[in-house]
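J.: I'd like to ask you about the structure that follows.
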Amino acid sequence: MALLKGTTMQFTSEQRLDDAVLEREFTLGEIPGILWTPGSASASAPPPLVLLSPPPLGLRKTYPRLVARARQSAADGFATATIELPGSGDRPRLPAAEQARADLRRAMEAGEPVSDEIIDALILPLVDKAVPEWQAALDALLSLPEIGGPIGYSGGVISIGTRLAVVEPRISAAVLFAGSFVPRATFEEARQVAIPLHVLLQWDDEGNDRQTALDLFDAFGSKEKTLHANMGGHTGVPQFAGDAAAQFFTRHLK
């Protein structure tokens, strides 16, 4: 992934959502993204940055959720940024992942267990491609004078967050969302994670294995890790759970 090194970030649009948040869309090579910064440019010091990783549904589809989190983060004094995941939105499809997704649907419709092979084919190529892209985005974002540190990571496919927590020393703390399929290899990586973690789990998440989420939490090597579990399905995360995640970042990034 050395090709990503030095990739230029270009801003393509700008709008002020209100007096508190400036939203700018950008491209990083072929990768679309959005940067939200709080307040005015005259702030006394560049704010910490939270990387908002979307689910693999496309930025346009998940924009309402992302911008709500960005507004909350701006109110807490953080800049936030997101990028389109490989194979999502208008980016080229990943043929192997598309085949794995079809195999996954077939297994679930037939009431069969989802095999490790399907999970590996669905998740691992995405992790391998997305993590270097996040690192390139971080390089570009930290070159901007209006962005400071430290850096947090929030959301997305939990295997991406786990890999980033291991390989990216600039990330100081992470909020991870249990609820995506987890390859066996991710458990080995989880044991190497050392940064503070706050993990959100929806207890009745449809189609995902609760025990796997609990086992992964147990595997994380972090000395400080919190599991915040709530009743409800995948999209039913209560507001107070988001508030607790925001307080976690305030503790660790300020």
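J.: Leaving out ligands and nucleic acids, and using a 1.4 Å probe, what accessible area per residue does the chain come to in Å²? Before the final figure, lay out each step's value.
T.: Numbers: 11820 Å² over 254 residues.
Per residue, the chain has 47 Å² of solvent-accessible surface.
J.: Which of 74, 96, 130 moves most in a GNM of the chain, Cα contacts under 10 Å?
T.: Looking only at 74, 96, 130, the biggest GNM fluctuation is shown by 96.
J.: Out of all DSSP beta bridges with both ends in the chain, state the antiparallel percent to the nearest 5.
T.: The answer is about 50 percent antiparallel.
J.: Additional query: For the range 4-111, what D do you get in µm² per second when you plug the Kirkwood radius from alpha-carbon pairs into Stokes-Einstein at 37 °C and 0.692 mPa s? Mind dumping the intermediate values first?
T.: Numbers: Rh = 15.5 Å.
After rounding, the answer is 211 µm²/s.
J.: Lysine pairs, Cα distance under 27 Å, 8 or more residues apart or cross-chain: how many in the chain?
T.: Lysine pairs, 8 or more places apart or on different chains, close enough: 5.
J.: For the range 165-205, what does the alpha-carbon gyration tensor say about shape, rounded, prolate or oblate, given a ≥ b ≥ c as the root eigenvalues, a/c under 1.5 as rounded, and a/b over b/c as prolate?
T.: Oblate, since a/c reaches 1.5 and b/c is not below a/b.
J.: Nearest 10 degrees is fine. How inclined is helix 239-253 to the longest principal axis of the chain, computing both from alpha carbons?
T.: The helix 239-253 is inclined about 60 degrees to the chain.
J.: Further question on the same structure: Report, largest value first, the span of the C-alpha coordinates of the range 204-254 along each principal axis, in whole Å.
T.: Computed over the range 204-254, the largest-to-smallest principal extents equal 37, 28, 11 Å.
J.: Roughly how many Å is it from the Cα centre of the range 93-138 to that of the range 12-87, as a whole number?
T.: What the calculation gives is 26 Å, centre to centre.
J.: Quick check of the Kirkwood formula: for the chain, what is the inverse mean of 1/r over all pairs of different Cα atoms, in Å?
T.: Result for the chain, one decimal place: 18.6 Å.
J.: Mind ranking 102-109, 113-120, 30-37 by how tightly packed they are, going by the mean number of other C-beta atoms within 10 angstrom, highest first? Write out the running numbers ahead of the final one.
T.: On the way: 102-109: 12.8, 113-120: 14.8, 30-37: 21.1.
Final packing ranking: 30-37, 113-120, 102-109.
J.: Could you rank the peptides 50-61, 182-193 by their average count of other C-beta atoms within 10 Å per residue, with the highest value first?
T.: Per-residue Cβ counts within 10 Å, averaged per peptide and sorted highest first, yield 50-61, 182-193.
J.: For every other residue with a beta carbon closer than 11 angstrom to the beta carbon of residue 108, add +1 if it is Lys or Arg and -1 if Asp or Glu, then tell me the sum.
T.: -1
J.: For helix 95-109, report the angle its Cα long axis makes with the longest principal axis of the Cα atoms of the chain; keep it between 0 and 90° and round to the nearest 10°.
T.: 50
J.: Okay, moving on. So what is the 222 nm mean residue ellipticity for the chain from helices alone, if each DSSP H run of at least 4 adds -39500 (n - 2.57) and you divide by all residues, rounding to the nearest 500 deg cm²/dmol?
T.: The helix-only estimate for the chain comes to -13000 deg cm²/dmol at 222 nm.
J.: In addition: Explain nothing, just the number: relative contact order of the chain, from Cα pairs under 8 Å at least 6 residues apart, as a whole percent.
T.: That works out to 16 percent.
J.: Test of understanding: in a Gaussian network model of the chain with alpha carbons linked when under 10 Å, which of 172, 143, 154 would top the mean-square fluctuation ranking?
T.: Of the options given, 143 has the highest mean-square fluctuation.
J.: Now for a different question. Keeping the other protein chains in place, figure out the carbon and sulfur percent of the accessible area of the chain, with a 1.4 Å probe. Display every interim value, and only then the final one.
T.: Details: 6390 of 11820 Å².
Its accessible area is 54 percent carbon and sulfur atoms.
J.: Still on this structure, please answer the following. Write down the radius of gyration of the range 121-254 and its Dmax, each obtained from C-alpha positions, in Å.
T.: 14.6, 44
J.: What is the range 133-178 by shape, rounded, prolate or oblate, if you read a ≥ b ≥ c off the alpha carbon gyration tensor as root eigenvalues and call it rounded for a/c under 1.5, prolate for a/b larger than b/c, and oblate otherwise?
T.: Here the range 133-178 falls in the prolate category.
The values are calculated or read from the model by the stated rules, or taken from the named source; none is laboratory data. All values derive from a computational prediction rather than experimental measurement. We place every Cβ from the backbone using ideal geometry, glycine too, and count neighbours over all the protein chains shown. Note: accessible area is taken over every heavy atom of the protein model, side chains too, but ligands, DNA and RNA are not part of it. Shrake-Rupley method; radii C 1.70, N 1.55, O 1.52, S 1.80 Å.
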